[in-house]
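The values are calculated or read from the model by the stated rules, or taken from the named source; none is laboratory data. Given the structure is predicted, the values throughout are model-derived calculations rather than measurements. Cβ: placed from backbone, ideal geometry, glycine included. Neighbour counts: every protein chain shown. Only protein heavy atoms, including side chains, enter the accessible area calculation; ligands, DNA and RNA are left aside. Shrake-Rupley method; radii C 1.70, N 1.55, O 1.52, S 1.80 Å.
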Amino acid sequence: QQALGRLSAGDREVLLMRNHEQLSFDEIGYVLRIEPAAARKRYGRALLRLSKIVHDAGLTESQL
């Protein structure tokens, strides 16, 4: 939760839509009014930023 809280609202939004709401990239694109390919890229970048936050915090997979 702390790591998610350190992300921008846009990053949190796309991660939650994909992982929690289980929306497709087509659906995310529709909601955000962007192309599905852009939604996929935005999601990938958000995952990278989240991974860096978790890594920088020194958390391991077993601690998540």
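Tell me the per residue accessible area of the chain using a 1.4 Å probe; a whole number in Å² is fine. Don't skip to the answer; put the middle values down first.
Details: 4920 Å² over 64 residues.
Normalised by residue count, the accessible surface of the chain is 77 Å².
Over the chain, what relative contact order in percent results from Cα pairs under 8 Å that are six or more residues apart? All intermediate terms of the calculation are to be shown ahead of the outcome.
Details: 45 pairs, mean separation 21.3, N = 64.
So the answer I get is 33 percent.
Quick check on the chain: helices-only [θ] at 222 nm, where DSSP H runs of length 4 and up contribute -39,500 (n - 2.57) each and the sum goes over total residues. Nearest 500, please. Please report the intermediate quantities before stating the final value.
On the way: 4 runs with 44 residues, N = 64.
It comes out at -21000 deg cm²/dmol, rounded to the nearest 500.
With Cβ to Cβ distances under 15 Å as the rule, what net charge do the other residues near Asp26 carry (K, R +1; D, E -1)? Display every interim value, and only then the final one.
Values: positive: Arg18, Arg33, Arg40, Lys41, Arg42; negative: Glu21, Glu27, Glu35.
Around Asp26, the surrounding residues sum to +2.
With all protein chains present, how much of the accessible area of the chain (probe radius 1.4 Å) comes from carbon and sulfur, to the nearest whole percent? Present the calculation step by step, with values, prior to reporting the outcome.
On the way: 2480 of 4920 Å².
Percent of accessible area from carbon and sulfur atoms in the chain: 50.
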